[in-house]
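Undergrad: Handing you a structure now.
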Amino acid sequence: MSSETQLPMPSDADLRRLVHFSAGDGRIWLAGHRMVLLHLGGLANLRKELIQTIGIEQTRRVLKRAGYESGVRDATLARQVRPNASPFEQFSVGPQLHMLEGAVQVTPEVCEFDLEAGAHHGIFRWDHSWEVESHLRDFGPQSEPVCWMLIGYASGFTTGFFGKKFLYRELECAGCGHEHCRIEGRALEDWPDGEQLMEDYQADSLLVRMEDLQADLESLRVSLSPSDDLGELIGRSKAFEKAIALLRKAAATQVTVLLTGETGVGKERFARTLHAMSPRAGKPFVAVNCAALPHELIESELFGAEKGAYTGAGAARPGRFERADGGTLFLDELGELPPAAQAKLLRVLQTGEVERLGGTQTRKVDVRVVAATNVDLEAAVEAGRFRRDLMYRLNVYPIKIPALRERVEDIEPLANHMLRHFMALHNKRVAGITDRALAAMRSYAWPGNVRELENLIERGLIITSPGQMVDVEDLFAVVPAGPGVMVDASGELKPSNVGDIESLYEELQRRGLSLDALEDGLIQQAVERAGGNLSAAARALGLTRPQLSYRLQRIRER
Ligand SMILES: [Zn+2]
């Protein structure tokens, strides 16, 4: 690198001639660039208020980038103004304009160039920095350098001058108690922490941050203050609206409610919403999963126990019924309740009184029971596993929560809601869900219902890169349906032509099934699994509803 230490800098008379006050039309020119003559007090105040509003970190970035833009513009003048001068004299246009513009006094200490290799190393001393002056006045001495706009200018000018990335940084700053500011510049790749220094110059960092905050705020608002009394319940499909209408009617009364539906449809959410809509909203909501508690503990859990009632009952404790007094008790997976507990539950429902295990005293409780089951209670009664009288007592007001495949139009709003929730939870932002992924979700059968959708959305968010959209492959780890089905390029689920066709053919041969019999069997199976919902069955088979109806008609006529 040729070291040019023929400091000081040349005369700046050529630069002074570039400044032109055109007061008649309200403009000041520096060659072709419009300038503004500001009061330092006004600029200092802007700087101060920025720090107080968006913080020191963001202000530093904003001002560095503002300075950088000025530096880049001044660099366009350097070779234009001194076309035949030495590299040092050309480069000096930057420091000299910086002085002329009133930013700082600049004294070169080291200034080396290798123009062919595009290499440069510079050390300059700064005095009378306007930023030091205003920062010290407003905030006192700092531990980190404060000449942000100035250092941005030096970086921008040098980058513009060489046409490649150069970064200046302050080795010392008068804002930190040093006698002078001293800055050093190198090419980006010559700084060991160059990438980190560059971060301040990423033009959109503040905007991205603000967008992030905006998104976080939105998710918080969604999760903290639901837009209506439905809270977490989201949907607009007929099946969903029907269940909600029943829920609303039950809410105002004391009726015992039985929620039925497949596993994962969100029965507890419905129960919580019912509680929140009811006059009991201010009182406890207590949930018990009857399948999760060991049989020997379930009675003491529900009804409480006196001291010494059973081994391990060290102290008297109230049961969930007592704890739910005045509120709602949610009994999930009620079909799993053992016979002895069924008898006790029936008595509590009939008398409104509980008796703790090992106790003799009865206690009045005012509890609304909401029970839920995903097994067919009638069948459990027939099989002798559930008391008929208890079933009648509970089955006063049944509400069937629809399966997700019966409310396909709710999938998109649900998925978007969950995505916002998980973005806030995992502090990660993606751009949304592709239409292809939504189409695949609409054709999928969702055996695990809303809970399965929730799991897939969380997984999809984690797999997708920030800023990208969640796509089919991010959601479904494997082909999203039974064998012989695949997602095609448009995101539709289509029967696969490859794979298990051979073994399927062998199975047909082995069973001696005809093609017609296979088709009839598949169609009947699909209708059965969809609970008689022909639209859902048609989707599961990759048919339109009219196509399915036609084939069903044909089966009946056979
Ligand atoms: Zn400084």
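The values are calculated or read from the model by the stated rules, or taken from the named source; none is laboratory data. Since this is a predicted model, take the numbers as computed values, not measurements. Glycine also receives a Cβ, built like all others from the backbone with ideal geometry; neighbour counts cover every protein chain displayed. To get the accessible areas, we keep the full protein, side chains included, count just its heavy atoms, and leave off ligands, DNA and RNA. Shrake-Rupley method; radii C 1.70, N 1.55, O 1.52, S 1.80 Å.
Undergrad: Across the range 169-196, what is the number of residues that are within 16 Å of the ligand (Cβ to nearest atom) and open to solvent by less than 50 Å² (accessible area, probe 1.4 Å)?
TA: Selection size over the range 169-196: 10.
Undergrad: Still on this structure, please answer the following. How about the range 37-51: which of its residues are surrounded by 15 or more Cβ atoms within 10 Å (Cβ to Cβ) and under 11 Å from TRP130 (Cβ atoms)?
TA: The answer is LEU43, ALA44, ARG47.
Undergrad: Right, here's the next one. Could you identify the single residue in GLY542, GLY531 that is surrounded by 14 or more Cβ atoms within 10 Å (Cβ to Cβ), touching a Pro at 6+ places or on another chain (Cβ under 7 Å) and at pLDDT below 85?
TA: GLY542
Undergrad: Going by the structure shown, is ALA281 surrounded by fewer than 15 Cβ atoms within 10 Å (Cβ to Cβ), closer than 16 Å to GLY327 by Cα and at pLDDT below 95?
TA: When the stated conditions are applied, ALA281 passes them.
Undergrad: Hey, among the residues in the range 139-163 that are away from the ligand (no atom under 15 Å from the Cβ) and in contact with a helix residue (DSSP H, G or I) (Cβ under 8 Å, 6 or more places away or on another chain), which one's most open to solvent (accessible area, probe 1.4 Å)?
TA: The extreme case among them is GLY160.
Undergrad: Working only within the range 321-380, note down all residues that are open to solvent by less than 20 Å² (accessible area, probe 1.4 Å), farther than 20 Å from ILE399 by Cβ and either part of a helix (DSSP H, G or I) or of a type in the set (Phe, Trp, Tyr) (or both).
TA: PHE321, ALA341, GLN342, LEU346, VAL348
Undergrad: I would also like to ask the following. Does ALA292 satisfy the condition of being assigned to a loop (DSSP other than H, G, I, E, B), within 38 Å of the chain's Cα centre (by Cα) and at negative phi?
TA: Criteria met by ALA292.
Undergrad: So, one more: Can you pull out every residue in the range 259-275 that is touching a Phe, Trp or Tyr at 6+ places or on another chain (Cβ under 7 Å) and either aromatic (Phe, Trp, Tyr) or in a strand (DSSP E or B) (or both)?
TA: Matches in the range 259-275: LEU259 only.
Undergrad: Now for a separate question. Check whether at least one residue in the range 52-69 is open to solvent by 50 Å² or more (accessible area, probe 1.4 Å) and closer than 25 Å to ARG17 by Cβ, and report yes or no.
TA: Looking for residues that are open to solvent by 50 Å² or more (accessible area, probe 1.4 Å) and closer than 25 Å to ARG17 by Cβ, one finds at least one in the range 52-69, hence yes.
Undergrad: Just give me the residues in the range 76-108 being modelled with pLDDT under 90 and under 49 Å from the mean Cα position of the chain (by Cα), in sequence order.
TA: Selection gives THR76, LEU77, ALA78.
Undergrad: Within the range 101-137, take every residue that is near the ligand (Cβ under 10 Å from one of its atoms) and in a strand (DSSP E or B) and give me the one that is surrounded by the most Cβ atoms within 10 Å (Cβ to Cβ).
TA: For the range 101-137, the residue satisfying everything is TRP126.
Undergrad: I've got another one for you. Among what's in the range 7-26 and is under 27 Å from GLU112 (Cα atoms) and assigned to a helix (DSSP H, G or I), pick the residue that is least open to solvent (accessible area, probe 1.4 Å).
TA: Among those that are under 27 Å from GLU112 (Cα atoms) and assigned to a helix (DSSP H, G or I), it is LEU15.
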